[in-house]
């Protein structure tokens, strides 16, 4: 069974009397541990799709199954719990909280998970995660004391700390120079192959998309190509 | 999410912008400090007012003898001779709501010093407790007489300022001797000036002496009370006839008792009566209890049956006590108004800054929601920040308020009383101000759409 299944998902924004259809019937699948790039021109609806995939938004119509569970009917609270457990986000602008240290930034999702972890346990897991992204020596630095690449690594550590199944990255290298971009992409590659984390990267850089096993192209709210891995063949190792 | 994390996050957020937090909370600090200071000074003022009222005699309860009717002619209140010094002692002993008791023997007589004379409005024979009841303890000069001098019926007296002015004209009266009805009194003290009472009578026109002295050495002849009939009987023979004018006329003017009738008739009982008993209740609200206690005690001591009316009457200063109660009431209400206004102003400041803070941290809210914060978590975070701000303000306000009321008590010499109630109220009120005024911004934050919040610049 695929991890992500979209079936004829539509999203329409209502601006006053005007209906603005952004997604016009998207159907796609992503298998477990797949590495997928989502490409499209700006205004094509890829961000909206990303929001729906990331359970930040609900589709106007259509079905969305994540790990076999129907998502479209969940309340805001249920979706918040789902995001906390299953989904990690990496943003273009890192979105770290400037007044907290790297460790505290990474720890944040754990504070919202309802496992009743002790403070010590939370800190241990966060430190482990920072170590994994290669920032063991920067644990107590604040974001402003870190370089862009390091900041994005902290953000990645944060997205992984709750052991999610899917990682969504929205232009993760958009604010980085080419060398650090390469490092981050390498890290993604490693996470995908070693930890079998499903990765979905939104980008319009073909160089970034090349790292993925499959590229889904979106145009005007419809999928142009790469809707499912079955056609592409042995995408899953 | 655990309380510890919530508080840690809130304190982190507040520490991020210390200056702003401090200025915001200043409204609450000032509000709470004002409330505490006002309450404490108010309490002190209330105590002071009560003390002043007490010195005016607000707590005094006066026991007067009842009226007698002789052959249909009512003598008016105070004519009966049935209050004794023993009654006074019994009241002191057996009535818990009464703090002080002083018997009073009145006289009206000429006071002579050298070539001057004066008739004081009040010549009171009493005990030293009279001064406690009237709050007149600190003497202008000299000292008061003692209980010992009462027992000795010593010929000592203390006099008010008016008497000093009239008799001594600039001399110090202490140690001088004055005469009252040819009885020689040594002046041992001068009372502090008190001025006129509520009725306009000069309270300083007074002479106080041990009641035993006034009773037995001064009044004995003139106000002998119970003896009046027997003594006047002696002279009655002379008045009961017109034979000075018409020596031959033997007719009596009115009927006189025969010798047999005189022995049959109950002779007037002579015991040392006093003209009134002055008592003070322990506090204003104990006055009714004091009256009840005194009344039942005196009925018992005077052996009155249930059907008998009281042979005495008890007076209190209802007018003054009512004024006192309403003054205190008004003061409390006024302070409450001030408190409400200042705290509402402070609360609006908190709300304002929390709204700014929510707007400023929109991206943070979006991020927190994206990583799994539920709306409730966000609500709790901002609410706890507001409450923490208010509680901090409240704590500082309590300290500041205590300090300023202390300063006021030092500088203005107002009596201030620590008010635990005010402190508790301030803490509760500042917390509830935090919740009330922090709720709207926090609610607004929790309703944000994570997508838009994340995109917010």
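Laboratory data are not the source of any read-out in this text; all were calculated from the coordinates shown. These numbers come from a predicted model, not from an experiment. Note that we place each Cβ from the backbone using ideal geometry, even for glycine, and neighbour counts take in every protein chain shown.
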Practice task
Put one equal scatterer on each alpha carbon of the range A:42-105, apply the Debye formula with no solvent term, and list log10 I(q)/I(0) at q = 0.30 1/Å to two decimals.
Solution key: -1.35
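If you take all C-alpha pairs in the range B:53-189, what percent of them are over 19 Å apart? Spell out each step's value before the answer.
Details: 5480 of 9316 pairs.
Of all Cα-Cα pairs in the range B:53-189, 59 percent lie more than 19 Å apart.
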Fill in the blank from the handout: So, for the Cα atoms of chain B, Rg and Dmax in Å stand at 36.5, 134
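Taking a temperature of 37 °C and a viscosity of 0.692 mPa s, what whole-number D in µm²/s does Stokes-Einstein yield for the range B:303-457 with Rh from Kirkwood over alpha carbon pairs? Before the final figure, lay out the partial values.
Values: Rh = 19.7 Å.
The diffusion coefficient I find is 166 µm²/s.
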Practice task
Quick one: P(r) of the range A:118-237 from all Cα-Cα pairs, 5 Å bins, percents rounded to integers, in order of increasing distance.
Solution key: 2, 10, 19, 21, 19, 13, 8, 5, 3, 1
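Neighbour counts of other C-beta atoms within 10 Å: give me B:303, A:114 arranged from fewest to most.
Working: B:303 8, A:114 11.
With the fewest neighbours first, B:303, A:114 line up as B:303, A:114.
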Fill in the blank from the handout: What the Cα atoms of the range B:125-191 span along the principal axes, largest first and in whole Å, is 29, 26, 16
Completion exercise
Note to self: Kirkwood Rh of the protein assembly as shown, Cα pairs, one decimal, Å, is 34.3 Å
Handout entry: For the range B:312-374, alpha-carbon Rg over 2.2 N^0.38 Å
Key = 2.49
Practice task
Bin width 5 Å, alpha-carbon pairs only: give the P(r) of the range B:262-395 as whole percents, running from 0 to the bin holding the largest distance.
Solution key: 2, 6, 10, 10, 8, 7, 6, 5, 5, 5, 5, 5, 5, 5, 4, 4, 3, 2, 1, 1, 1, 0, 0, 0
Problem - Burial ordering of B:285, B:204, fewest other beta-carbon atoms within 10 Å first - result: B:285, B:204
Handout entry: Cα convex hull of chain A, projected area averaged across orientations, nm²
Key = 13.3 nm²
Fill in the blank from the handout: Over the Cα atoms of the range B:379-457 the radius of gyration and the largest Cα-Cα distance (Dmax), both in Å, equal 18.7, 63
Exercise for the section: Order by neighbour count: B:457, A:224, fewest other Cβ atoms within 10 Å first, most last. Expected result: B:457, A:224
